[in-house]
Amino acid sequence: MKKPAPTADRDELRNRLRGAGLRSTLARIAVLERLDASPSPLSHAELADALAPQGFDRATIYRNLIDLTDAGLVSRTELGDHLWRFETRRAGRDHAAQHPHFVCVDCGEVSCLADINVDISPSPGSKRSVIGELTEVLLKGRCERCV
């Protein structure tokens, strides 16, 4: 496999990997590049299909997704369909913080709703309370194409 020429973006990816205590490998760089370029979370299968032409097999992509998730560079989410989806966690980027996702119940399209803030707090006088940290909000409905 021919090694790609270094770019400023790849240098930044290498720095992110090293900063997280991971070796900078071609597979990890390819996974992060693909996730950074995606406007919504991707499944392992979607990533494996996209990176297969570069010579990466499914097992390599999976191992790297787990390593990147464990290192805190990637977040893993399950949106009610028993399928993990992955997205980068990066300061100064829409995917940096926890944000809600929208899943179309007809076509299955997943969208990030990074510009929406969700505040779940009990109303005054309510005996219910929210304890702990909010980790995920999922909205389901029909997307614009399926309405």
Could you identify the single residue in Leu79, Leu83 that is open to solvent by 40 Å² or more (accessible area, probe 1.4 Å), more than 11 Å from the chain's Cα centre (by Cα) and under 28 Å from Lys140 (Cα atoms)? Leu83
State all residues of segment 99-147 that are under 17 Å from Ser75 (Cα atoms), modelled with pLDDT of 65 or more, assigned to a loop (DSSP other than H, G, I, E, B) and among the hydrophobic types (A, V, I, L, M, F, W, C); if no residue qualifies, say none. Leu113, Ala114, Val137
Hey, does segment 86-98 have a residue that's more than 24 Å from Ile66 (Cα to Cα) and at pLDDT 70 or above? no
Assuming Ser43 fulfils every condition listed in (1) modelled with pLDDT of 90 or more; (2) within 26 Å of Val105 (Cα to Cα); (3) open to solvent by less than 30 Å² (accessible area, probe 1.4 Å); (4) in contact with a helix residue (DSSP H, G or I) (Cβ under 8 Å, 6 or more places away or on another chain) apart from one, which condition is it? (4)
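The values are calculated or read from the model by the stated rules, or taken from the named source; none is laboratory data. Not measured: the values here are computed from a predicted model. Note that each Cβ is placed from the backbone with ideal geometry, even for glycine, and that neighbours are counted across all protein chains shown. Just so you know, the surface numbers come from the protein's heavy atoms only, side chains and all, with ligands and any DNA or RNA stripped out. Shrake-Rupley method; radii C 1.70, N 1.55, O 1.52, S 1.80 Å.
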